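Below is one structure, written out as structure tokens; the observations come after it.
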Amino acid sequence: MSDSVHEGGGAARAAAHELESLVGRLSEEMAAFRRRALAAEARLKVLESELEDARAAVAAAEARQAEGPNEERAPIAVVAASADGGGTSPVGADERARLAALQQENDELRARLDGAAGRTRQMLERLRFLRQQHSLGGPR
């Protein structure tokens with residue numbers, strides 16, 4: 001065989017090896033994004049549960065006030081279960097800001113995960129194309 005055939009095979013092997021390493025790194029990156037997204041979703045579920053509990057407490061307090069005499073009504077304190085499960089604590093601006101920040105982070109993570117999924121699909125399409133070119137003996 002001629003030297004050009006051996007060189008072409010080496011270039012194809014090098015390209016395939018590079019593609020494999022890129023796909024491997026991309027899959028590791030996607031796994032990391034997925035872990036972070038799952039953790040953010042778990043935190044979000046906890047916060048949503050606390051928010052639901054707080055809304056139920058507000059509704060119950062409003063119902064109690066509506067049933068009582070028409071005396072001056074005190075402002076209703078929003079309460080939620082504390083993280084350790086013991087008692088309740090007021091939900092203030094800090095908690096609302098934290099919830100908003102977590103929701104924004106979750107949205108950002110979802111967007112990054114969608115982007116990584118798009119890049120993965122693109123890499124898979126490239127890989128299919130390269131395999132197809134290789135099997136057809138097309139240009140490299």
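Every read-out reported here was derived from the displayed coordinates using simple, explicitly stated rules and does not represent laboratory data. In this text the structure is predicted, and so the values were computed from the model without any measurement. So basically every Cβ, Gly included, is an ideal-geometry build from the backbone, and we count neighbours across all protein chains shown.
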By per-residue mean of other Cβ atoms within 10 Å, what is the highest-first order of 19-32, 49-62? 49-62, 19-32
At GLU125 and LEU113, where each label point lies 7 Å from the Cα along Cα→Cβ, what is the point-to-point distance in nanometres? 2.3 nm
Determine the gain in length on full extension of the stretch ARG34-ALA100; use 0.36 nm per residue of separation and subtract their C-alpha separation, reporting nm with one decimal. 21.7 nm
